[in-house]
Amino acid sequence: MNKSKKGKSKLLFLTSPIFFGFVVGSLAVLAQPIFKIQPPQAYGICIVCHARDLLNWLSILLFKFKLDSAEATITLPLLTTIGIFLGSVLSSKLNNEYKFIKTENLIKMFFWGLLVSNFGLIIMSCPTRLVLRFAFGDPFALLSIIGLLAGISIGVIFLKKGV
Amino acid sequence: MLLVIGSIFIGLIIGFLGQRSRMCFIGGFRDFLLVKDKELLKGTISFFVSAWLTIYILNFIGYLFPALKEVTTVKLSSYPSILNAFLSKFGVISIIGGFGVGLFSTLSGGCPLRQHVLAGQGRIGSIIYLAGFYIGIIIYYLFIARFIGKLF
């Protein structure tokens, strides 16, 4: 996988999930007071909600149709999801991992995306924000995490059967 | 304007580190169940612990320097107790929503964050997933939100 291991041995900590958790976990909390991503609590990072806020901003701009959004982000767009996409493009270009691969069944992937965003909007959280909300002490996040773990367990059974 | 710059800055950092570390919040528990691999689970726990510690450190700084209160206050409102949460309507919705997110994310192969990163890497399946993801948000607000509003 990592072709240029010798040259980048000093930067090996970048590939550690623990380092990711440390940086992103602190940033998620610090983003609230510093960047003012803040009327809803624990809103520093949420893929589903930030994608919705971006779409809501676009929808108001183009069609004058309001979806729904957090108080802080009615007039300004939240570009977190675009940033994640661009950051990943940048990183994979730098490390020669950028290539088009087709592996999954595309129609299935479309519907999984559709279902995940709908269930995510019911609880206003993606898995990342659930962990963040739990760190803030939200009991509803704990209930959702219990449901999430049950869902993963059943999903793993399906994966073993090869759905 | 701070909001826009801040969010794209955070996004770039998450995207870069997420691509390097293959971090996935669903993947932690999934890999643990499938192949007993704890690497990604450690990342999730590290995320939780550092978020929790940051809240307490900020509170402590706010306690030492009351002038900085505006910057250090992150907990804006308090939450109900766990028993009240469990008995309320929203508790049931939370469990159902969490279940759906967990099941369908496992079947698709990663949490939404991981799919954004994979799409940036050029995985066609993930780009199609993102198309479904954004169309799903519009469908939710056009049809499903009203239906759920009537139920509860």
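Loop-resident chymotrypsin sites (Phe, Trp or Tyr not before Pro) (DSSP state other than H, G, I, E or B) in the range A:45-134 with no more than 15 further Cβ atoms inside 10 Å of their Cβ: A:65, A:100. The range B:1-59 and the range A:70-134 have their alpha-carbon centroids 13 Å apart. Database note for chain A: Cys without another Cys beta carbon under 4.7 angstrom, A:126.
Taken residue by residue and averaged, Cβ atoms of other chains lying within 10 Å of the Cβ of B:140-151 number 3.
Could you check which residue among B:25, B:90, B:47 shows the biggest mean-square fluctuation in a GNM of chain B with a 10 Å Cα cutoff? The residue that fluctuates most here is B:90. In chain A, Cα pairs under 8 Å separated by at least six residues give a relative contact order of 21 percent. Relative to the Cα centre, the charge distribution of the protein assembly as shown, modelled as +1 at Lys and Arg Cβ and -1 at Asp and Glu Cβ, gives a dipole magnitude of about 820 debye. For the range A:18-161, the square roots a ≥ b ≥ c of the C-alpha gyration tensor eigenvalues yield an a/c under 1.5, which makes the shape rounded. Measuring against 18 Å, Cα to Cα, the residue pairs A:36/B:75; A:160/B:36; A:64/B:150 contain A:64/B:150 as the ones spanning a longer distance.
Judged by the ratio a/c of the largest to the smallest principal axis of the C-alpha gyration tensor, the range B:1-76 counts as oblate, that ratio being 1.5 or greater while a/b is no larger than b/c. The residue among A:78, A:162, A:24 whose Cα reaches farthest toward the positive pole of the charge dipole of chain A, with charges on the beta-carbon of Lys, Arg, Asp and Glu, is A:162.
Kindly identify the protein assembly as shown as rounded, prolate or oblate by the Cα gyration tensor criterion: order the square roots of the eigenvalues as a ≥ b ≥ c, call it rounded if a/c is under 1.5, otherwise compare a/b with b/c, prolate if a/b is larger, else oblate. Rounded, since a/c falls under 1.5.
Overall, the range A:18-161 carries a charge dipole of about 360 debye about its Cα centre when +1 sits on the Cβ of Lys and Arg and -1 on the Cβ of Asp and Glu, all other atoms neutral. Taking amide H positions as modeled 1.01 Å from N, with prolines and chain starts lacking one, the residues under 5 Å from residue B:123 and 5 or more places away or on another chain are A:101.
Bear in mind that the values in this text are calculations on the coordinates, not laboratory data. Just so it is clear, the structure is predicted and the values come from calculations on it, not from any experiment. Note that we place each Cβ from the backbone using ideal geometry, even for glycine, and neighbour counts take in every protein chain shown.
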